[in-house]
Amino acid sequence: MDDMEKAIVFSFDQSGAIDSMLKSRAVNFCQQIKETPSICSTCIEKLWFCKIVQVQFWCLQTLHEVVRVKYPSMSTEEKIFVRKSVFSMACYELIDDKNAVRVLESPAFIRNKLAQVLVTLIYFEYPLIWSSVFVDYLPHLSKGSIVIDIFCRVLNALDDELISLDYPRTAEEITVAARVKDAMRQQCVEQIVRAWYDIVTMYRNSDFEVCTSVLDCMRRYISWIDINLIANDAFIPLLFELILAKGLSEQFRGAAAGCVLAVVSKRMEPQSKLALLQSLHVSRVFGLVSEDGESELVSKVAELLTGYAVEALECVKRLNSENANEVSMKLLNEVLPSVFYVIQNCEVDTTFSIVQFLSGYVATMKSLSPLREEQLLHVGQILEVIRTQIRYDPMYRDNLHVLDKIGIEEEDRMAEYRKDLLVLLRSVGRVAPEVTQIFIRNSLATAVTLSADRNVEEVEAALTLLYALGEAMSDEAVRTGSRLLSELVPMLLQTKLPCHSNRLVALVYLEAVTRYMKFIQENTQYIPVVLAAFLDERGIHHRNIHVSRRASYLFMRVVKLLKAKLVPFIENILQSLQDTIARFTSMNYTSKELSASEDGSHIFEAIGLLIGMEDVPQEKQSDYLSSLLTPLCQQVQALLLNAKALNPEESSAKVANIQQIIMAINSLSKGFSERLVTSSRPAIGLMFKQTLDVLLEILLVFPKAEPLRCKVTSFIHRMVDTLGASVFPYLPKALGQLLAESEPKEMVGFLVLLNQLICKFSTLVHDILDEVFPAIASRIFNIIPRDTFPSGPGTNTEEIREVQELQRTLYTFLHVIATHDLSSVFLSPKSRGYLDPIMQLLLSTSCNHKDYLVRKACVQIFIRLIKDWCARPYGEEKVPGFQSFMIETFAMNCCLYSVLDKSFEFGDANTLILFGEIVLAQKVMYEKFGNDFLVHFVTKGFPSARCPQDLAEQYCQKLQGNDMKALKSFYQSLIEKLRVQQNGSLVFR
């Protein structure tokens, strides 16, 4: 070895035997050689005379880099030398030296690199400089498999590096590829195809490997060469003969199948494609997919058949003539059984979308009625595919039952995977409803008879199909039990599932029963069976907590639907739920079994809906409610005893228990209407009032327990709806206690409660509001900033967000007061001191707030206050200073300066809504203040905005007229003109 060879060998060393310093020097030495002007001739000389593969690889790699990067700057002589040398090596030629080596006898990675160098030369030189490269090469193929092999590698490299569109290409590469393909089509493609045919024919029984290489290479080129060169009486019979020949290698036969698939997938007009598909007689290979196991041949034939089916389906879709459509449908129907077999039994190629293909096929059936026998058979096979594909893998059974991390991931994955398949099911159900329903019935019947180790996944899949079927059916179809549904639903209810203890099965069973409740409404004889399913160990009493939670919620939905029909069963239902009720309200909530879960409240809501109906006799109703409320209230009273003396751990356990009880009572009350508890059965109302009394004690014992305060507030909301005006005597005490210790977050909830009261009772709450408003104003103005909120890094804290939320709720609160005839509250002696801060806050917000809908609300408040507090012109001033504040401050800042600001964007919908209110405010001010407003606005405001006299006069005319739309339109155009005229010189606000 000379120094160069040693350096190359050292630089490639991965064994660690070479010292790192020495290796680094070797790498640097090699880099220096690369920079020498004679590098090309150095590399070619080494390729002719050195057998060391590292040296051969380095030289070819270097040649590839030099030609690719420096080709334009190479001399003509150097280009010719490289071209001739590389071509000679590829043709298995020798120079006149007995010591010369043949690169083609080197390992495959060296031959691949040689092919890459040759392709780089083709990139720059074909066809303009080196037009004969392919034609010159073909005669050398007679030298045997070694030259055929490198020829295939060159064509493959040409496809990889330049032609194939599977890789992103630059615009230059696309142009060169088009040039190369055009030249090849014109000059040598026919000869290359002929060579392929001759090689395969000659070597088919002696050299499987070279034949496989040729066919794999040919497959790449079929997409862009003339299809008639392959799809003819010579090549097609040969390819099918090879696919069917038992004695050949699987790779060889699979390569032939790949070529037929390339022919099938060739882009062309649908009429030509149909003729091509007909001529292939692909049916002769159908039987191969059912041969032993997952062999390479089976995989390739599976790809061929699915590709053929996709193309046949495209012909069905795109051909309009009846005859052509019939022919393409015949071809499709022939291949479909094999495609179904492939989907069910083989690894399907990722380019073939099962759902997309089957959806396309089902779509072709929509126009056919009735379906022919063959198509009905295919519908059954599609349904079988769906059933198989949506089935869970038994290996995840335990994970899914306990719902651990792996179970959650698998359930999420499957939910996503199933979406398209269940859409396909609904499409099939519309095309062939009866076949679909029979299939689902049979699936369920079969699944429940399977052995225990198999039936979990089978039953779950069958129930999922039944549930999904109902999703696509109208309420009317379910109600009347159309077609087989009247058989399916009773079958669902009466089938005993041996695997009902499994979480997935139990859940989908309950979902399916709930889905078909409209049928039960019409067929009340099944109500006892439905109730049993929800109330026994299949539902609410299921051992798996995930199932029992979900069952509680679904049972509540069932009760909502069946309502009066359940009256005869109330005793039994309450009896069945006794243990659940007790467990829910007395559970030790320090345990983590159900931490943070509120699902148990659904049981109480269901009971409330049941016993709250007027159909229930009054005496019974009182007994039922009393039997529930009395122990719950007693539990609360017991928990409140000595609560202040408890340590923090004991205290938090009690708080959690009380929370649960409040939620239970709250949910229970949802079933009782205001009319029932106040008019027809006031004794029921009295029970809720007594309960409210007990729950308000919680605020005294746990004044700072935020979760409890929230729950009590929520219960007061509920009682406002349930008890109506009869809740008033309880409100002062309740509101006082809620206001006493409220933080900003709780204050929001307090204001929302007041909003509810005002919206429901309007002026009836005047005295209550008058009493609490000063305390509210005092608390809020101590919390919210007088100016803007801080901004910048570190200001987006939870605390600041809570205060911002409080401020937004305050605007809503003030708006609700103003728009419900309660603005006099602002003027009461206790609240008068807060009038000025409120006015300043509303003014600042109406001019500056980022949220235009908040600004709109503030402008609307001002409009309402003008109407409430100001008589017609020259009337007595109800609120001293208010009129001058509106004219001199609000009108100038909000109605003029804020809209002149360029941030006031007229293109935004919310801005236009605000603008409409601002214009309305001017109209109302004119109506109430007369010329006092108009003169000040026009003589003081307009000049500061450089408004021309003629436009000011037009404004006065529009304002004094009766056309609000014209006034708004004019004022918008006026503001836009003033923006241009003042050109930024006016400082607003």
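Below, the figures for the structure above:
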| item | result |
| --- | --- |
| Residues located in segment 443-456, provided they are open to solvent by 10 Å² or more (accessible area, probe 1.4 Å) and not hydrophobic (A, V, I, L, M, F, W, C) | SER443, THR446, THR449, SER451, ASP453, ARG454 |
| Single residue of SER652, SER667 found to be hydroxyl-bearing (Ser, Thr, Tyr), under 27 Å from VAL701 (Cβ atoms), modelled with pLDDT of 90 or more and part of a helix (DSSP H, G or I) | SER667 |
| Odd one out for TRP224 among (1) under 20 Å from VAL119 (Cα atoms); (2) open to solvent by 30 Å² or more (accessible area, probe 1.4 Å); (3) assigned to a loop (DSSP other than H, G, I, E, B) | (2) |
| The listed residue being closer than 21 Å to LYS79 by Cα and either part of a loop (DSSP other than H, G, I, E, B) or at pLDDT 95 or above (or both), out of LEU138, LEU118 | LEU118 |
| Segment 656-677, subset over 37 Å from the mean Cα position of the chain (by Cα) and surrounded by fewer than 21 Cβ atoms within 10 Å (Cβ to Cβ), residue farthest from GLY724 (Cα to Cα) | ASN657 |
| Exclusive hit being modelled with pLDDT under 90 and closer than 18 Å to ALA115 by Cβ, set GLU93, GLU65 | GLU93 |
| Residue in segment 322-337 that is within 26 Å of ALA255 (Cβ to Cβ), over 37 Å from the mean Cα position of the chain (by Cα) and buried (at least 21 other Cβ atoms within 10 Å of the Cβ) present | yes |
| Selection status of GLN737, under 30 Å from LEU835 (Cα atoms), in contact with a Leu (Cβ under 6 Å, 6 or more places away or on another chain) and either at pLDDT 90 or above or surrounded by 15 or more Cβ atoms within 10 Å (Cβ to Cβ) (or both) | yes |
| Among (1) aromatic (Phe, Trp, Tyr); (2) at pLDDT below 90; (3) within 26 Å of ASN156 (Cα to Cα) - the single one PHE10 does not satisfy | (3) |
| Residues of segment 12-42 satisfying the condition of being open to solvent by less than 40 Å² (accessible area, probe 1.4 Å) and in contact (Cβ under 8 Å) with a residue 40 or more places away in the chain | CYS40 |
| Flag if GLU45 is open to solvent by 90 Å² or more (accessible area, probe 1.4 Å), assigned to a helix (DSSP H, G or I) and of a type in the set (Asp, Glu) | yes |
| Hits in segment 48-81 - residues which are of a type outside the set (Gly, Ala, Ser) and outside any helix (DSSP H, G or I) | CYS50, LYS51, ILE52, MET74 |
| Flag for LEU640 being open to solvent by 20 Å² or more (accessible area, probe 1.4 Å) and either aliphatic (A, V, I, L, M) or on the phi < 0 side of the Ramachandran plot (or both) | yes |
| Matching residues in segment 242-288 - criterion: being β-branched (Val, Ile, Thr) and under 17 Å from ASN333 (Cα atoms) | VAL264, VAL282, VAL285 |
| Matching helices (runs of 4 or more DSSP H) fully within segment 472-518 where at least 1 residues are open to solvent by less than 20 Å² (accessible area, probe 1.4 Å) and under 13 Å from ALA462 (Cα atoms) | 485-494, 503-515 |
| Residue in segment 608-628 that is over 43 Å from the mean Cα position of the chain (by Cα), of a type in the set (S, T, N, Q) and open to solvent by less than 20 Å² (accessible area, probe 1.4 Å) present | yes |
| Scan of segment 201-212 for residues that are within 11 Å of LEU248 (Cβ to Cβ) and out of contact with any Ser or Thr (no Cβ under 8 Å at 6 or more places or on another chain), ordered by number | ARG204, ASN205, CYS211 |
| Any hit, segment 90-101, residues being within 59 Å of the chain's Cα centre (by Cα) and outside any helix (DSSP H, G or I) | yes |
| Criterion (buried (at least 18 other Cβ atoms within 10 Å of the Cβ), under 49 Å from the mean Cα position of the chain (by Cα) and not in a loop (DSSP other than H, G, I, E, B)) met by exactly one of VAL214, VAL200 | VAL214 |
| Qualifying residue in segment 443-450 (condition: under 30 Å from LEU368 (Cα atoms) and in contact with a Leu (Cβ under 8 Å, 6 or more places away or on another chain)) | yes |
| Filter result (touching a residue at least 40 places away in the same chain (Cβ under 8 Å) and open to solvent by 40 Å² or more (accessible area, probe 1.4 Å)) within segment 354-386 | SER359, ALA363, LYS366, GLU374, LEU376, GLN381, GLU384 |
| Qualifying residue in segment 323-343 (condition: farther than 21 Å from VAL423 by Cα, outside any helix (DSSP H, G or I) and either touching a residue at least 12 places away in the same chain (Cβ under 8 Å) or not aliphatic (A, V, I, L, M) (or both)) | no |
| Failed item in (1) in contact with an Asp or Glu (Cβ under 8 Å, 6 or more places away or on another chain); (2) touching a residue at least 40 places away in the same chain (Cβ under 8 Å); (3) under 26 Å from THR580 (Cα atoms); (4) open to solvent by 10 Å² or more (accessible area, probe 1.4 Å), with CYS710 passing the rest | (2) |
| From the options LEU731, LEU686, residue that is assigned to a helix (DSSP H, G or I), among the hydrophobic types (A, V, I, L, M, F, W, C) and surrounded by fewer than 16 Cβ atoms within 10 Å (Cβ to Cβ) | LEU686 |
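Conditions tested, residue by residue: (1) of a type outside the set (S, T, N, Q); (2) part of a loop (DSSP other than H, G, I, E, B); (3) at pLDDT 85 or above.
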| position | (1), (2), (3) |
| --- | --- |
| ALA564 | yes, no, yes |
| LEU577 | yes, no, yes |
| THR585 | no, no, no |
| GLU593 | yes, yes, no |
| ALA638 | yes, no, yes |
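The values are calculated or read from the model by the stated rules, or taken from the named source; none is laboratory data. Because the structure is predicted, anything quoted here is derived from the model rather than measured. We place every Cβ from the backbone using ideal geometry, glycine too, and count neighbours over all the protein chains shown. Just the protein is used for accessible areas: all its heavy atoms, side chains included, with ligands, DNA and RNA removed. Shrake-Rupley method; radii C 1.70, N 1.55, O 1.52, S 1.80 Å.
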